[in-house]
Amino acid sequence: MAAIRSTSTHSICSWGWSRSSGRRAVFGSGAKLMERCLKRGFPLQIDPRDTYPDVLHPVFRTHPVTGVKAIYVNWAHTDSIEGISEEESADTLERLYQHCETAVFVYSHRYSLGDLIVWDNASTLHTPGFTNPQHARRMHRLVLRGEKPY
């Protein structure tokens, strides 16, 4: 598992802020997600019953407790940025993803028996890239109701 501290990446991403401030991104869970995963070498298959309608979230969100801005788009679930051309949207998103994946922001975990990983979804991108585990893992996910991203 790898995770990115998106609050840190936002603080030094002035070009992304100026191009995307106040904009919303389209988040999807269907065919476009599978295409993006395949491009990165991960042949994800999603049962149509497990897809949901697209939703809009801010490109940059404000943490509900700390008030710190964080990059909220990620390569896996973000289809586009609302209100700009497809070309500009794709370019901006790719630059944001590359920026976020800079090694200084990434935490990569080496799993050991009994590990418990906890992160704050409001300030962590936990889909920076595909990692192929060498051994089977059992994952239990707990999601608490949180604030609507703003």
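Values in this text are rule-based calculations from the coordinates and carry no lab data. Worth saying up front: this structure is predicted, and the values here are computed from it rather than measured. All Cβ positions, glycine included, derive from the backbone under ideal geometry; neighbour counts span all protein chains shown.
Restricting things to alpha carbons, find the Rg to Rh ratio for the stretch 2-125 using the Kirkwood radius for Rh. Could you put the intermediate results ahead of the total?
Details: Rg = 15.1 Å, Rh = 15.5 Å.
My calculation of the ratio gives 0.97.
Please order 38, 125, 96 by the number of other Cβ within 10 Å, starting at the fewest.
Working: 38 12, 125 26, 96 29.
Neighbour counts put them in this order, fewest first: 38, 125, 96.
Need the full-extension length gain, residue 106 to residue 55, defined as separation in residues times 0.36 nm minus the C-alpha distance. One decimal, nm. Let's see the in-between values first.
Numbers: separation 51, 0.36 × 51 = 18.36 nm, distance 2.64 nm.
Full-extension gain reported as 15.7 nm.
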- [ ] Could you pull the Cα extents of the stretch 47-105 along its three principal axes, largest to smallest, in whole Å?
- [x] 36, 30, 26
Open item on the list: Let me check against my output: what whole-number percent is the relative contact order of the stretch 20-136, with C-alpha pairs under 8 Å and at least 6 apart?
Closed with: 29 percent
